[in-house]
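Take a look at the structure below.
The values are calculated or read from the model by the stated rules, or taken from the named source; none is laboratory data. Source: prediction; values computed, not measured. All Cβ positions, glycine included, derive from the backbone under ideal geometry; neighbour counts span all protein chains shown.
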Amino acid sequence: MKENIHPKYESTKIRCSCGNEIETRSTHADMTVEVCSKCHPFYTDKQRYVDTGGRIGKFKKRLAQAR
């Protein structure tokens, strides 16, 4: 392998909006995510709406106008 061409591989923390922190190793610095395995509906079997950019609100508004 060539020397001095690979990025640094350091320990990092991934923080979720639910408060969960995961410690791992990555080439990136600390990261923030919206959904993790502790709060994702697929893993928790609970329904949760993730409103990104007000899409759910816009849909409900259009639906109300159509009726």
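Miscellaneous remarks
- Hits in region 2-29 (condition: surrounded by 11 or more Cβ atoms within 10 Å (Cβ to Cβ) and in a loop (DSSP other than H, G, I, E, B)): S17, C18, N20
- Total residues in region 1-51, condition at pLDDT below 80 and more than 13 Å from the chain's Cα centre (by Cα): 9
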